[in-house]
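Heads up: the structure comes next, in structure tokens.
The values are calculated or read from the model by the stated rules, or taken from the named source; none is laboratory data. Computed from a predicted model, the values in this text were never measured in an experiment. Glycine gets a Cβ as well: all are built from the backbone with ideal geometry, and neighbour counts include every protein chain shown. Remember, those area values only see protein heavy atoms, side chains included, never the ligands or the DNA or RNA. Shrake-Rupley method; radii C 1.70, N 1.55, O 1.52, S 1.80 Å.
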Amino acid sequence: MCIFCKIANKEIESFVVYEDEKVMAFLDIRPLSKGHTLVIPKEHYENVLEMPSDIAKDLTNAVKIVCEKLKKLGAEGFNIITNVNKVAGQEIMHAHIHVIPRYSEEESKPISFGKPIECDLEEVHKVLKD
Ligand code: 5GP
Ligand code: ZN
């Protein structure tokens, strides 16, 4: 079973931001910004192109809910990104959408998948969990 399937099954712990029957959202362990969240279908698909359209719809709805939650951290914008296949930088072969909140004190440039930031995920989760 892949690592994100294990997270969806609660066999591996994560800081859950949103969950419904089909979808789960949790904090990225190596965040590119404060509140960087991954939104996944609970069922395993290799990437977003493999998902049936009803699941794609559920995932999109969850992304919107997550963005609203991330505004509680002061986020003013978002990079919503998905990597498809290794050539594009996909490391975990279970479909996921990166929701990366952006803040006005940062440089207004597209995010790059470079160095993660130092961030206390537990503190961030306290703000987002409800
Ligand atoms: P990808 O490069 O596949 O688009 O992104 C995978 C993301 O998953 C990375 O940003 C990485 O930090 C995150 N990640 C990898 N393993 C874990 C894990 O065990 N828990 C959590 N919360 N995030 C993970
Ligand atoms: Zn999986």
Quiz item: Do you know which residues across segment 7-20 are farther than 17 Å from Val124 by Cα, without any contact (Cβ under 8 Å) to a residue 24 or more places away in the chain and open to solvent by less than 70 Å² (accessible area, probe 1.4 Å)?
Solution: Ile12
Quiz item: Out of curiosity, is Asp58 of a type outside the set (Lys, Arg), in a helix (DSSP H, G or I) and open to solvent by 60 Å² or more (accessible area, probe 1.4 Å)?
Solution: no
Quiz item: Which of the residues spanning segment 3-28 are within 13 Å of ligand 2 (Cβ to nearest atom) and among the small types (Gly, Ala, Ser)?
Solution: Ala8
Self-check item: Members of segment 1-53 found to be of a type outside the set (Lys, Arg) and part of a helix (DSSP H, G or I), listed by number
Solution: Ile3, Phe4, Cys5, Ile7, Ala8, Val48, Leu49, Glu50, Ser53
Exercise. May I ask you to list the residues in segment 61-87 that are part of a loop (DSSP other than H, G, I, E, B), hydrophobic (A, V, I, L, M, F, W, C) and crowded, with 17+ Cβ neighbours inside 10 Å?
Key: Ala75
Quiz item: Looking at Lys72, Lys109, which one is among the basic types (Lys, Arg) and touching a helix residue (DSSP H, G or I) at 6+ places or on another chain (Cβ under 8 Å)?
Solution: Lys72
